[in-house]
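Read the figures in this text as sums done on the coordinates, not as results from a lab. Note that this is a predicted model, so its numbers are computed, not measured. Please note: Cβ atoms are built from the backbone with ideal geometry, for glycine as well, and neighbour counts cover all protein chains shown.
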C-alpha cells in the first residue's frame, strides 16, 4: 500500500514540475535576454550558477504574475505541489489512524 501512496505522490510531483515548465515556456518570450540564459541549459553546479538560476526563476515567476494575472497555471502548480506533499505524509497518517 505504501507504493501506491508513493506512486500517487510521484505522479502529482511530476504534474507540478510539468506545470512549472509550461509556465516557463509561456513567459520566456517576455523575459529579458539576461534572464533567459539560465533557463537554456540544465548543467551548472557552481554556486554562482545555481544562484543565477534561482534569481532567474524568481524573476520569471514575477513576470508571469505581471503578464498573466489571471492564469490558472500558478494555482494548479501550487495545488499539485501541496497534494504531492500531503500524499507523502498520507501513508504514515493513514497507518496511525488505522
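Numbers at a glance
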| read-out | value |
| --- | --- |
| Exposure proxy order (Cβ contacts within 10 Å, fewest to most) of 98, 62 | 98, 62 |
| Whole-number percent relative contact order across the chain, with pairs defined as alpha carbons under 8 Å at least 6 apart | 53 |
| Extension reserve of the residue 24-residue 10 stretch, reckoned as 0.36 nm per residue once the Cα distance is removed | 2.9 nm |
| Estimated [θ] at 222 nm from DSSP helical runs (n ≥ 4, -39500 (n - 2.57)) normalised by residues in the chain, nearest 500 | -28000 deg cm²/dmol |
| Nearest 10 degrees, 0 to 90: helix 73-97 Cα axis against the chain principal axis | 20 |
| Equivalent ellipsoid dimensions for the chain as semi-axes, Å, which come from the Cα gyration tensor, largest first | 32, 17, 10 |
| 0 to 90° range, to nearest 10: angle between helix 47-67 axis and the chain longest Cα axis | 90 |
